[in-house]
Every structure is written in C-alpha cells, then in structure tokens.
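The block underneath contains the structure these notes are about, expressed in structure tokens.
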Amino acid sequence: MNEIYLAIRRFLHYRFSLHEDNAEESDTVESIRKNVEFRGANLWTLIFAIFIASIGLNVNSTAVIIGAMLISPLMGPIMGVGLGIGINDFELVKKAGRNLAIATVISVITSTLYFWITPLHDASSELLARTSPSIWDVFIAGFGGLAGIIAATRKEKSNTIPGVAIATALMPPLCTAGYGLASGNVYFFIGAIYLYFINSIFICVATYLIVRYLNFHKKEFEDKAYEKRVRRYILIIVLITAAPSVYLAYRIVDRSIFENNAKAFIDKELSYTNTQVITRNYKYSRKGNEIDLLLLGKELTIQQIDSLKKKLPAYKLNRAKLNIRQGLNAKNELDFSQIKASILEAVYQKDSTAKKTNKYQSIDMPIPDLNKELRSLYPSLSAYSISNIEVKHLDTSRKDTLTLALMDFKTKISTVERLRLERWLKTRLQSDSLKVLLTD
C-alpha cells in the first residue's frame, strides 16, 4: 500500500511540480520589477494601445481589440503589487500601486478623449459586454493571473503572458469607462471600472499565491521594528485587497444565480397561449431583487398573479419581488416593433421542430418571402437580399454554409436594433450561421 502511495506521489510531483524549470528567483523579480514603471516608451505604448482598443470597441472589431490587448503593458504593475506583497517588499508595492493608478487614470482620460471626438456614438455589442461583470469574469481573471505568474517564473518564456493579457481583458473595461464618461452614462462607467477592478485584484491575488507557493525569499530588515511595521502594512494591504475581491465574487455569483433562476421561472411559469412576455428586466440589489415583466395580450387575473408569486420560492426566489405590467399600466411603455418581433419569433419557434426535419441540404434551403414581415417590422428598410452561400476554407477541404443577409436602411439603425433583427432572422429562417451586413 505504501509503495502505491509513493508511486502516485512521484507521478503527481513529476507531472505537476512547478519547481522543475524555475527561473532564478532574482531574474523573475527583476523582470517583473522592470515592467512596473510607466514612463517614456512604456507610457506611450499604453496610450497608443488605449486608442487602438477604443477604435476597436467603437467599430465593434474583435480583431482590433485583441491586437490592442497584445501590446498593452498593464499586466506589469498588477503583478508587481502581488509580487511585492509576496516577498515583503513594501517599496515595490507602493511603486507598483502608484504606477497602476497613474496608468489607470491616463487610460481613462485617453479613451474619454477618443470617444468625445469620434463621430460614432452608438454603444456596440463589444462595449455593452464590458458594462456588466459576471461570475465568469472572476474565474477568467483568477485563472488568467495564475497562468501569467507561472509563465513569468519559467526559464523558457512562452506566449502565455500575451494570452493572459487577451483573456483577462484589462484594456476594454478602461476604454468602456472612458466611453461612459464621454457619453455621460455613469452606469457604463461604474460597470466597466467594476470589471477592471475585479480583473486587477484577482491577477494580483493569483500572483501573491504562486510567489508564496514557490517560497520566494522575503525581504529582511536590519531594523526589526521597521520590519514589523512593514509586515503589518503588507498584511493590511493583503486584507484590503482580498476582502473586496471575496465580496465582489460573492455578489457576482449571487446575481448570476438570481438571474438564472428568474429566467427559469419566466420560461416555465409564464408560457400562456394568449399572453406574451414582451420585456423582462432583472434588478439585483441589496435592498431586494426584482423581476420586472411587461406583458401583452390577455390580462392575467389577480388570482393568477398571486399564484405566480407563490411559486417564486420553488425557484429559490424567496426575496424577489415580482412586478407585472399589463393593460393600461403597460400602455406607455410598449415598443411596437419589439412586440411584432417577439410575437413572430414565438410563432416561428413553435414551428422549429418541423423545419429541422426538412430533407434539404442547407445550401439548397429555400429562402421564404419576408417582404411583408420586414416592411411591418422595419419601415425604414428600403431593400434587402438573403441567400445561402458556400464558404470554402483554403487550408482544408472543409466547406460551410452561411446565410448572408444584406440590409439597406434609409436611416442608420442602432446596434440594439441590428442585434434584434439578427436574432429574429435566425429564428425565422432557422439558421444559426446567419450574418447580417448593413450596406451604406
């Protein structure tokens, strides 16, 4: 039995040990310390990267945003704070923290300036994605930070750190915060800074954990009283850093659970034949969560609404308040294009099972006549073309089918309207691989 235990232990040590290809501790510390300072070339690189990321967010280009994140030097001071805490270097913590604050302020000012002068003011989907952090952002920041500091402590440097810079996405939230300031939208600013704060804290904590796991030597002081004070200050910094991260993580997890439970409740309990849920809003708050619904069609009776409220505990929504607006209460809030789209989407979803059994090859799938429906839903649409095209991959023999929709509007439509159109077309045509292009 003892031999089996030793064999398993040797196997685990061989496969998972982080001590095998360690770089010299002094080299790792010096490498991180060098990237802490923001001045000269480093600062200009940051400013240019912010401009590139802001343009990418503005035109909704994922490729441009990724390019900006690759050249961003923001990881340096964040890892510097974690390293300083891990090796008892209070001066490094102060220097890294000061440079991180400077970099953050300059980044927000730069992005605010860009979004203030740009002629494109619509909030793209890439911008909107950075305004409401989720539990996945916490996991990405934590695991990304662990991967980053492990890569930084290796003899052979890999492409892991650039990958971490992309995954943890430090740049886009700062640019989104600038967009919030430039457009006067305080909620965008708070949500984006919140996401940036989460990413920074968890990368810092991950750095600290790996530094302690690898037993980096702590800084010693001749003056023991001064050493004691420094350790006390570092402990305070660790607690100040860790406490908000735990609280933020809890809040994000709690909100995600609430929203998932609320969605399950609506999908299952509010599936009426003659009543349609037009909009749904989930309001997460310390004072109490709310589910706000706008209904169209046959009004629910007081008894039905009371019955729905009694079913909330079954979905772990005990503390949630259910607000239902219908009839005259909903009159002033109806968006008729949204109503039409929602009703048509519901109708075609019921038909989806039958359509999926169609024997056509996807390239030969006929495109139905959508003239009347599109004219009713989008009066500003002047012309359109929808067709199935074959996409050939040059590096392989694989062929894919893409449904391409070219839309020509008399006036420019918002990003929200475009996303709504794309969702409706995907449901109506039963095509997951649909691309909408707006012609000038």
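Which loop trypsin sites (Lys or Arg not before Pro) in segment 10-108, with loop taken from DSSP, have no more than 10 other Cβ atoms within 10 angstrom of their Cβ? Could the numbers behind the result be given before it?
Details: sites: R10, R15, R33, K34, R39, K94, K95, R98; in loops: R39.
Sparse-neighbourhood loop trypsin sites (Lys or Arg not before Pro): R39.
FRET efficiency for K283 and L6, Cβ-Cβ distance as r, R0 = 51 Å, nearest 0.05?
0.35
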The long-range amide H neighbours of T275, using H built 1.01 Å from N in the peptide plane and a cut-off of under 5 Å, are K298
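Considering only protein heavy atoms and a probe of 1.4 Å, how much of the accessible area of segment 256-329 is carbon and sulfur, as a whole percent? Intermediate values should be presented prior to the final figure.
Values: 2200 of 4650 Å².
About 47 percent, which is the carbon plus sulfur part of the accessible surface.
Hey, which of these cross-link pairs are over 29 Å Cα-Cα: K310/K426; K412/K435; K287/K309; K321/K372?
On the way: K310/K426 36 Å; K412/K435 18 Å; K287/K309 18 Å; K321/K372 40 Å.
Result: K310/K426; K321/K372 exceed 29 Å.
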Kindly count the pairs of lysines across segment 15-219 whose alpha carbons are less than 24 Å apart, treating pairs on different chains or eight or more residues apart as eligible.
-> 12
Taking every Cα atom in segment 370-438, find the radius of gyration and the maximum pairwise distance Dmax, and write them in Å.
-> 13.6, 43
Alpha carbons only, please: Rg and Dmax for segment 15-219, in angstrom.
-> 16.9, 54
Among the trypsin sites (Lys or Arg not before Pro) within segment 249-308, which fall in a DSSP loop and have no more than 11 other Cβ atoms within 10 Å of their own Cβ?
-> R286, K287
Roll a 1.4 Å probe over the protein chains and send me the accessible area per residue for segment 1-55 in Å².
-> 75
Listed by chain and number, the residues whose amide H is under 5 Å from that of K219, excluding neighbours fewer than 5 places away on the same chain and using placed H, are N88, D89
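Dividing the convex hull volume of the Cα atoms of segment 1-123 by its residue count, what figure in Å³ per residue is obtained? If you can, show how the numbers build up before the last one.
Details: hull volume 20.5 nm³, N = 123.
Spelled out: Cα convex hull of segment 1-123, divided by residues, is 167 Å³.
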Leaving ligands, DNA and RNA out of it, report the carbon-plus-sulfur percent of the accessible area of segment 370-438 at a 1.4 Å probe.
-> 51
Applied in sequence order to segment 306-319, the curve 6.51 cos²θ - 1.76 cosθ + 1.60 (Karplus, θ = phi - 60°) yields integer Hz couplings, x standing for Gly and Pro, of 4, 5, 4, 5, 6, 8, 4, x, 5, 9, 6, 10, 4, 8
Express in whole angstrom the spacing between the alpha-carbon centres of segment 48-83 and segment 362-440.
-> 32
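Just to make sure I understand: if all protein chains stay in place, what is the order of L43, L419 by accessible area at 1.4 Å, largest first?
Values: L43 40, L419 60 Å².
Ranked list, largest accessible area first: L419, L43.
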Which order do S61, S376 take by accessible area at a 1.4 Å probe, largest first?
-> S376, S61
Step through the residues of segment 18-30 one at a time and calculate ³J(HN,Hα) from phi using the Karplus curve (6.51 cos²θ - 1.76 cosθ + 1.60, θ = phi - 60°), rounding each to whole Hz and writing x for Gly and Pro.
-> 9, 9, 5, 10, 4, 6, 4, 4, 4, 5, 5, 4, 5
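Let's test the formula: R0 of 35 Å, r as the Cβ-Cβ distance of E24 and R251. What FRET efficiency results, to the nearest 0.05?
Details: r = 41 Å, r/R0 = 1.16.
Using R0 = 35 Å, I get an efficiency of 0.30.
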Loop-only check: which GluC sites (Glu not before Pro) in segment 170-233 are DSSP coil with at most 13 other Cβ within 10 angstrom?
-> E220, E222
Collect residues whose amide H, placed 1.01 Å from N in the peptide plane, falls under 5 Å from the amide H of R154; neighbours closer than 5 in sequence don't count.
-> A23
Between N185 and S17, what FRET efficiency follows from the Cβ-Cβ distance if R0 is 51 Å, with the result rounded to 0.05?
-> 0.55
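Can you give me the % of accessible surface on segment 1-51 that is carbon or sulfur? Probe 1.4 Å, all protein chains present, nothing else counted. Show your work: numbers first, answer last.
Values: 2290 of 4000 Å².
C and S atoms contribute 57 percent here.
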Rg to Rh ratio, segment 256-329, alpha-carbon atoms and Kirkwood radius?
-> 0.94
Using θ = phi - 60° and Karplus 6.51 cos²θ - 1.76 cosθ + 1.60, couplings along segment 381-392 (whole Hz; Gly, Pro as x) | 7, 9, 7, 8, 8, 10, 8, 8, 10, 9, 9, 9
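The values are calculated or read from the model by the stated rules, or taken from the named source; none is laboratory data. If you're wondering where the values come from, they're calculated on a predicted model, not measured in any experiment. In this analysis, Cβ positions are derived from the backbone assuming ideal geometry, glycine residues included, and neighbour counts consider all displayed protein chains. Only protein heavy atoms, including side chains, enter the accessible area calculation; ligands, DNA and RNA are left aside. Shrake-Rupley method; radii C 1.70, N 1.55, O 1.52, S 1.80 Å.
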